């Protein structure tokens, strides 16, 4: 029978300074045990497997519904008449997550993962029900924003929870466990898409996801709270006030969020302004945001007692470079995929379930390559070569995307190009996650995860805003070139609703498709350049020896 007695390979890792990217904090933490560290010390194998299975089933429930809503989103916003500015919802969600990521990470270190995960799931459920019952675009957007805030906490905490329960060389297994539900959902979501694509059937997808989140969230929350209660009994003198919450640079986060909001939100609305970028409603907030960002930089450099990126982290080359690599991958991914789904559906006149089948080329290859990487990591200690090779393959795939995005390119070539991207980015995602979590002290896993999420969110939000502005401006210009003058007055409606069959005669369909193809070609060109930049950044990654990290993880206080 399993007991709660800690085993040798279950004790929390301590790290010593070495040339392979690991950072020492053993002496700093020897007398500063928190609730999470104690939970890691007393967990049993039974506790671990309950957590693993709970993560899997929660992820499966969320992924099936999310896979459907991801493919349906562009048609929903087109029906509501707001496709052209719909990315503003994700921009606002990403900006708000800049505030919530450090808050969730800090609170989870102090009060345990269970409380913060329960808060995150509650926000998700509320947002899903609001979206599912939304009468218009305003309520639809509000529900999505609330849901995204909950997902911010869930996607931050689940990898942290898995890292709490896994040693460095086994953290590739955490990658498999975290993304396996998404892989299964790729096929399971297609019948859901087919059933929900007509009329208002999409509403029940959101409502069902809310119900399934409640049902599948109970086991993992019960397990975490049970383990946390045991840990609390062993920490009678634990001081909840001496927490990492006080060490978060809240002033810096508020300045960063405010500055980015003022700069980026106008990018989504410029398409609806008659004067475009010359409108005061557009350029005044951008100027104000730029000034706030300058103030943010000055604050971080000169005045912040606890900067968002600490000197300690800056001295950890492996971790900080991997944060940058993952951020550039997020930036590149946004350029690649933001309008890909809608473009394929519109240019090829195919349904959302057909588009989802094409998308399988990327997702299946991505998961398989990430899983293979997890197995390789267990045998191959020097992970830097894996990162380099994966990013080269990713850049090649992005180059292939230039040809595959032509409206009349054979479908098999589209799938092939996506598969090559999936092969490279899947390896990079798994290897990057392992490097990130294994080159810092155990007590710093939540902090580095928060920094990684924060930086990636900033890059993703900037990319999304720029992509939205570029797509609208380029598509507008291309439609001006491809359509006769008498149809130029319909361009705003075409961008907002994608209802070209109602506004254009059949003989102009090819002109519409050509305009979309020209815009997509620009997106892919930028994406290819960004993939090359990402590889160049990775060249300065120092050697990372996972065997050394494993030895440090098994050290004793």
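The values are calculated or read from the model by the stated rules, or taken from the named source; none is laboratory data. Everything quoted here is computed from the prediction, not taken from an experiment. As a convention, Cβ positions derive from the backbone with ideal geometry for all residues, glycine included, and neighbour counts pool all protein chains shown.
Looking at segment 135-239, the helices (runs of 4 or more DSSP H) lying wholly inside it that each contain 3 or more residues that are under 19 Å from the mean Cα position of the chain (by Cα), at pLDDT 85 or above and not assigned by TED's automatic domain parsing to the domain that holds residue 352 sit at 137-164. Here the condition is being within 30 Å of residue 108 (Cβ to Cβ), outside the structural domain of residue 104 (by TED's automatic domain parsing) and part of a helix (DSSP H, G or I); of 453, 472, it holds for 453 alone. Only one residue in 445, 358, 421 is in a helix (DSSP H, G or I), at pLDDT 85 or above and within 23 Å of the chain's Cα centre (by Cα), so which one is that? Just a single option satisfies the conditions, and that option is 421.
With respect to the conditions (1) more than 26 Å from residue 448 (Cα to Cα); (2) assigned to a loop (DSSP other than H, G, I, E, B), residue 395 falls short on a single one, namely (2).
Keeping to segment 475-486, report how many residues are assigned to a helix (DSSP H, G or I) and in contact with a helix residue (DSSP H, G or I) (Cβ under 7 Å, 6 or more places away or on another chain).
Within segment 475-486, the first condition is being assigned to a helix (DSSP H, G or I), and the residues that meet it are 475-482, 485-486.
If we keep only those that are in contact with a helix residue (DSSP H, G or I) (Cβ under 7 Å, 6 or more places away or on another chain) too, we end up with 475-476, 478-480, 482.
The qualifying residues number 6.
Within the set 123, 96, 80, the sole residue that is closer than 27 Å to residue 52 by Cβ and touching a helix residue (DSSP H, G or I) at 6+ places or on another chain (Cβ under 7 Å) turns out to be 123. Within the span defined as segment 525-544, every residue fails to be at pLDDT below 85, more than 25 Å from the chain's Cα centre (by Cα) and surrounded by 17 or more Cβ atoms within 10 Å (Cβ to Cβ).
If you go through segment 404-417 and keep only what is over 15 Å from residue 350 (Cβ atoms) and either modelled with pLDDT of 85 or more or not assigned by TED's automatic domain parsing to the domain that holds residue 384 (or both), you end up with 413, 416, 417. Within the option set 283, 328, 296, 269, being surrounded by 15 or more Cβ atoms within 10 Å (Cβ to Cβ) and at pLDDT below 85 holds for one residue only, 269. Closer than 25 Å to residue 467 by Cα and either crowded, with 24+ Cβ neighbours inside 10 Å or more than 19 Å from the chain's Cα centre (by Cα) (or both) - does that describe any residue in segment 102-120? No, every residue in segment 102-120 fails to be closer than 25 Å to residue 467 by Cα and either crowded, with 24+ Cβ neighbours inside 10 Å or more than 19 Å from the chain's Cα centre (by Cα) (or both).
Residue 377: part of a helix (DSSP H, G or I), at pLDDT 80 or above, touching a helix residue (DSSP H, G or I) at 6+ places or on another chain (Cβ under 8 Å) and more than 28 Å from residue 510 (Cβ to Cβ), yes or no?
On the way: part of a helix (DSSP H, G or I): yes; at pLDDT 80 or above: yes; touching a helix residue (DSSP H, G or I) at 6+ places or on another chain (Cβ under 8 Å): yes; more than 28 Å from residue 510 (Cβ to Cβ): yes.
So residue 377 fits the description; yes.
Exactly one residue out of 135, 191 is over 29 Å from residue 95 (Cβ atoms) and surrounded by fewer than 20 Cβ atoms within 10 Å (Cβ to Cβ), and it is 191. Total residues in segment 361-399 satisfying the condition of being more than 27 Å from residue 71 (Cβ to Cβ) and either crowded, with 18+ Cβ neighbours inside 10 Å or under 22 Å from the mean Cα position of the chain (by Cα) (or both): the figure is 9.
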